[in-house]
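The values are calculated or read from the model by the stated rules, or taken from the named source; none is laboratory data. In this text the structure is predicted, and so the values were computed from the model without any measurement. Quick reminder, even Gly has a Cβ in these numbers, built from the backbone with ideal geometry, and neighbours come from all protein chains shown. Please note that ligands, DNA and RNA were not included when accessible areas were found on the heavy atoms of the full protein model with its side chains. Shrake-Rupley method; radii C 1.70, N 1.55, O 1.52, S 1.80 Å.
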Amino acid sequence: MSKTLFVCQGCGAEHRKWMGQCTDCGNWNSVTEQVIEAAATRSAGKGKALEACPITDISRKNSPRRSTHINELDRVLGGGLVPGSAVLIGGDPGIGKSTLLLQAAAKLSTDTNNGPVLYITGEESIQQVRLRGERIEALHPNLLLISACELESMLATIAKVKPSTVIIDSIQTTVSSRLTSAPGTVSQVRDCSAALIQHAKTFGHVVILVGHVTKQGALAGPRVLEHMVDAVIYFEGDRGHAHRILRAVKNRFGPAGEIGVFEMSDRGLIGIRDASRLFLAERAKDAPGSVVLACMEGTRPLLVEVQALIAPTVYSTPKRSAVGVDTGRVAMLTAVLERRIGLPLSQHDVYINIAGGAHIAEPAADLAILLAMVSAYQDKAVPEDIALFGEVGLTGEIRPVGQPESRAKEAVNLGFTRVVLPGENLERVQKANIIANMRGETATSLALTAVRDLSEAAQKIFK
Ligand code: TYD
Ligand code: MG
């Protein structure tokens with residue numbers, strides 16, 4: 001028997017009747033009619049009592065991670081792929097998802113002990129994939145391709161080939177013939193993913209799902225998809241820059257928030273170990289309004305350049321605009337600057353930019369943003385050997401941040417000799433005993449400048 005349901009394409013909520021606005025998520029015009037085949041009714045049996053086992057007696061299943069041999073990808077995965085797990089990779093069209101996965105597939109297929117790698121493409125023909133494979137040198141007889149959209153034939157092929165890794169490119173083009181709804185709809189995406197993930201758990205292979213991202217930046221399809229998989233990884237980056245950032249937003253087998261940095265070249269994606277150098281590459285030294293921030297992306301320290309521009313306004317309400325950081329936060333910090341340092345910014349527009357296209361969400365960027373603004377306003381450059389970090393509160397006090405040692409160490413690695421940091425972080429960094437300029441014979445020590453409030457920071461930097 002089949003029944004008709006009205007399903008919201010935004011959140012997956014099911015409604016009995018059509019409505020213009022989904023009552024669950026508030027989206028307009030997202031509810032569409034779908035015919036759902038009723039699942040075979042389960043036999044109503046009495047539940048059998050299962051043996052409850054002490055956690056200490058459970059044998060540790062030996063499931064070594066399988067390295068993808070792409071360092072930056074392994075890092076984001078928390079060390080490699082875990083057999084039987086499901087990974088979702090999302091990102092804008094053209095960002096490089098298919099390219100990266102083809103590279104990873106070729107590397108994984110060299111490991112012949114574990115069985116072949118099956119790459120299922122629903123968007124391109126296998127000839128197109130081969131052409132790309134030639135260009136990025138991802139050809140290996142152990143890498144098998146099929147072009148398929150139908151779930152049932154995918155499952156049959158997987159059972160026959162017994163691969164170690166299956167890549168589905170993409171989940172939005174996968175359709176189950178059991179459902180009448182169109183590809184990419186909530187019920188298709190949900191049911192196909194569930195079947196593929198179940199299959200992976202049973203057979204013990206890894207399944208990697210490629211997902212598209214909507215204009216709003218969320219993964220297309222239901223949020224439930226994110227709950228079903230073991231790891232969710234986003235591919236970010238903009239077209240103006242060649243670098244791409246891979247970010248783990250969820251990972252059951254490793255730390256979330258970890259990033260991998262790649263550069264798109266004519267021979268595919270190349271991992272960049274030394275990401276800070278990339279972000280600081282075009283830094284104009286001794287330019288007013290430029291400050292180097294030592295921030296953290298997951299467990300990885302990253303140095304980026306924060307730029308500020310302050311100009312007399314021509315509007316009745318001055319503009320506060322930001323790229324790479326939250327505009328609301330910049331407006332707040334501007335107010336702090338006015339009240340605590342007394343810069344008359346009510347007649348000035350404020351623009352903040354993180355150079356190189358990075359996105360910084362942590363409050364440890366506050367001090368850098370504020371000092372970039374002070375530097376821009378006073379038209380005085382911050383000395384070029386300074387890197388800094390610190391959160392700033394509304395009273396202008398500077399608060400400690402996490403992992404100060406890693407931040408200071410990264411600054412030293414890139415040749416900075418002075419770090420400005422929150423007073424309460426000083427002791428931890430001193431204990432870490434970081435020595436500056438380790439490359440030379442004579443090791444100079446790193447100068448640490450601890451600051452407790454904003455005016456102290458401004459004084460010490462712009463003496
Ligand atoms: P692709 O992996 O097809 O993106 P997605 O699967 O996320 O939609 O990437 C396509 C883009 O990458 C395309 O704009 C061309 C570019 N590209 C290179 O610059 N170099 C290469 O070696 C390859 C294969 C692609
Ligand atoms: Mg693609």
*Restricted to region 118-153, and to residues that are open to solvent by less than 70 Å² (accessible area, probe 1.4 Å) and farther than 18 Å from THR174 by Cβ, which residue is farthest from ligand 2 (Cβ to nearest atom)?*
ASN142
*Tell me, yes or no, whether region 90-97 has at least one residue that is within 16 Å of ligand 2 (Cβ to nearest atom), at pLDDT below 95 and hydrophobic (A, V, I, L, M, F, W, C).*
yes
*Unmet criterion (only one of (1) more than 16 Å from ligand 1 (Cβ to nearest atom); (2) open to solvent by less than 50 Å² (accessible area, probe 1.4 Å); (3) more than 30 Å from ALA381 (Cβ to Cβ)) for ARG252*: (2)
*Go through region 338-380 and count every residue that is closer than 24 Å to LYS285 by Cα, more than 23 Å from the chain's Cα centre (by Cα) and in a helix (DSSP H, G or I).*
10
_Please go through region 377-399 and give me each residue that is in contact with a helix residue (DSSP H, G or I) (Cβ under 7 Å, 6 or more places away or on another chain) and either surrounded by fewer than 18 Cβ atoms within 10 Å (Cβ to Cβ) or without any contact (Cβ under 8 Å) to a residue 12 or more places away in the chain (or both), ordered by number._
ALA381, GLU391, LEU394
*Considering only residues that are closer than 27 Å to SER30 by Cα and either among the charged types (D, E, K, R) or buried (at least 23 other Cβ atoms within 10 Å of the Cβ) (or both), look in region 197-217 and name the one that is nearest to ligand 1 (Cβ to nearest atom).*
VAL210
*Answer yes or no as to whether VAL350 is touching a Ser or Thr at 6+ places or on another chain (Cβ under 7 Å), over 25 Å from ILE259 (Cα atoms), surrounded by 20 or more Cβ atoms within 10 Å (Cβ to Cβ) and not assigned by TED's automatic domain parsing to the domain that holds ASP238.*
yes
*Search result, residues across region 234-283 that are under 24 Å from PHE416 (Cα atoms), in a strand (DSSP E or B) and polar (S, T, N, Q)*: none
*Those residues that are of a type outside the set (Gly, Ala, Ser) and open to solvent by less than 30 Å² (accessible area, probe 1.4 Å), I need them from region 275-300; list them, please.*
PHE279, LEU280, VAL291, VAL292, LEU293, CYS295, MET296, GLU297, ARG300
*If only one of GLU441, GLU405 is among the acidic types (Asp, Glu), part of a helix (DSSP H, G or I) and either open to solvent by 20 Å² or more (accessible area, probe 1.4 Å) or modelled with pLDDT of 85 or more (or both), which one is it?*
GLU405
*Could you please give the count of residues in region 79-104 that are among the small types (Gly, Ala, Ser), in a loop (DSSP other than H, G, I, E, B) and within 9 Å of ligand 1 (Cβ to nearest atom)?*
2
*Could you please tell me which pairs satisfy a Cβ distance under 6 Å, a separation of 6+ or placement on different chains, a first residue in region 73-95 that is farther than 17 Å from GLY237 by Cβ, and a second residue that is within 16 Å of ligand 2 (Cβ to nearest atom)?*
VAL87/ILE208; LEU88/LEU209; LEU88/GLY211
